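None of the figures in this text is laboratory data; all of them are computed from the coordinates on show. None of the values given here were measured: they were computed from a predicted structure.
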């Protein structure tokens, strides 16, 4: 890091995902399980902002944020179409979302966490690929032995799945806006991360 740096780095563009990515990644955490507000990074400034209050009884089930210098666009949309046989899918034009599991209570967001991806949800939101990578916090004493999504307790997977299927659904909605088309393991999670890195390079580094 530049010792003469006078300003905080933008968490999306200024922070690196890590030299060992996708096996070990740096994640920026926006939301923790105790939050009743949905926070997200303001893309122009990099400052954490209030997106919206949680309107219903949804509780964030784990640390939630994104992987720096990733972008969901053509490459990740193509991968989703390859895996599902669907057409017309594009990325959601956001950095790649990540859920980080840990036994520790972390009381605030706006922090960087070293994590190890072990799988993910192939989520589709109105024809947009909106993958959710599942990872464990590096060095976690309880979850540190998990290497793939198959190692994760089924109850935890179901809790995460239920949250993402319902967090945009109002009490009078009869249909889900989002779909989880599949749950994948570590190797596909690596591929999703690589694709979003390529999408980021195409969008921001080669323009």
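Note the full-extension length gain between residue 205 and residue 165 as 0.36 nm times their separation in residues minus their Cα-Cα distance, in nm to one decimal.
The residue 205-residue 165 span can extend by a further 11.0 nm.
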Within the chain, percent of DSSP bridges classed antiparallel, to nearest 5:
80
Specify the inter-centroid distance of the range 56-125 and the range 185-207, based on alpha-carbon positions, in whole Å.
12
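Per DSSP H run of n ≥ 4, the term is -39500 (n - 2.57); total these for the chain, divide by its residue number, and report the mean residue ellipticity at 222 nm rounded to 500 deg cm²/dmol.
Numbers: 3 runs with 39 residues, N = 207.
So the calculated ellipticity at 222 nm is -6000 deg cm²/dmol.
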List the relative contact order of the range 19-77 as a percent without decimals, with contacts defined as Cα pairs under 8 Å and 6+ residues apart.
39
In percent, how large is the relative contact order of the range 53-207, given Cα pairs closer than 8 Å and 6 or more residues apart?
30
